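Encoded as structure tokens, the structure appears first; notes follow it.
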Amino acid sequence: MKKAVQNRTKDEAQTLITDVANDAEAWSPHRALAWAFETFGCDVAISSAFGAEGMVLIDMASRIKKDFRLFTVDTEFLFPETYNLMDKIESKYGITIERVYPSLSPEEQERVHGQALWGRNPDLCCNLRKVEPLRQKLGQLGAWITSIRRDQTSVRAAAKRVEWDAKFGLVKINPIVDWSTKQVWRYIHDHDVPYNALHDQDYPSIGCTHCTRAVGPGEDPRAGRWSGFAKTECGLHIIEPAPAAEEANLAKPAQCGV
């Protein structure tokens, strides 16, 4: 499958993945991960912000492939607890997290766009500090693995376990897309998986310090993200076409050891 996908145009690759996607709906998360590693080798990586779901995938991957690739978009506005967890992950699983940074430092962003951009235009801030850095990283890959679940937001409700990512022009694998929150935490407790300490302080969804707060009783789990704005997504998983001139990334060389 890997060679077949890489030797085809974007349109042909999409057709192949569509065929796989139908069968993949019946796969277990472990099988989806194994298929991703076998099919794309060094051209696939797990993308994680190290929430509870992400930690489940990292632990599962470690049981399938010891040298799996893991990357994160470090906005430089993350919580200390998130950075501490990253250190624990590298120590426990014996891997090095590939850290992707925005093109603008926080100081440069302030000079160009003014103070506290996140409080005035969170969409632009997310685009600068998350979406565009991710786009650059995905340009080096043939596929990416995410920990999104259908019941998290309306945007994610139609996600498939294996699908073509039209926004970034590559294959997207969502192994636990049909899991519930209860299943996620059962796995974490059953396998003694480390997790962000903020989860125990009423932070079910954790992003940047400026745009994340604890949630109160009865609030939606994502109510603490971009509070005060009609916004539930940073933009990474919003479905939209890739730029017309962009060719499929599946033919890019493997990036093992990066």
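Over region 135-179, what is the mean sequence separation of C-alpha contacts under 8 Å (at least six apart), divided by residue count, expressed as relative contact order in percent?
Details: 72 pairs, mean separation 20.0, N = 45.
This gives 45 percent for region 135-179.
Each peptide in 120-126, 178-184, 161-167, 188-194 was scored by the mean count of other Cβ atoms within 10 Å over its residues; highest first, the order is 161-167, 120-126, 178-184, 188-194. Fewest neighbouring Cβ atoms within 10 Å first, the residues Lys66, Lys88 line up as Lys66, Lys88. If you take all other residues with their beta carbon under 13 Å from the beta carbon of Trp179, and give Lys and Arg +1 and Asp and Glu -1, the sum is +3. In terms of overall dimensions, region 2-239 has a Cα radius of gyration and Dmax of 17.5, 52 angstrom. Our coupling estimate for region 40-45, obtained by passing each phi through the Karplus curve with A = 6.51, B = -1.76, C = 1.60 and θ = phi - 60°, is 10, x, 6, 8, 10, 9 Hz, Gly and Pro reported as x.
Between region 52-99 and region 132-211, the alpha-carbon centres lie 13 Å apart. Which links in Lys92/Lys172; Lys130/Lys167; Lys65/Lys88; Lys137/Lys167; Lys137/Lys172 stretch past 24 Å when you go from one Cα to the other? Table pairs above 24 Å Cα-Cα are Lys92/Lys172. Taken over region 1-134, the alpha-carbon convex hull comes to 147 cubic angstrom per residue. Net length available on complete extension from Lys88 to His113 is 5.5 nm, with 0.36 nm assigned per residue and the Cα-Cα distance removed. Assign one of three labels to region 94-165, namely rounded, prolate or oblate, based on the Cα gyration tensor with a ≥ b ≥ c the square roots of its eigenvalues; rounded applies when a/c is under 1.5, prolate when it is not and a/b is larger than b/c, and oblate otherwise. The shape class here is oblate.
Only the coordinates and a few stated rules stand behind these numbers; no lab work does. This structure is a prediction, so every number in the text was calculated from the model and none was measured. Cβ: placed from backbone, ideal geometry, glycine included. Neighbour counts: every protein chain shown.
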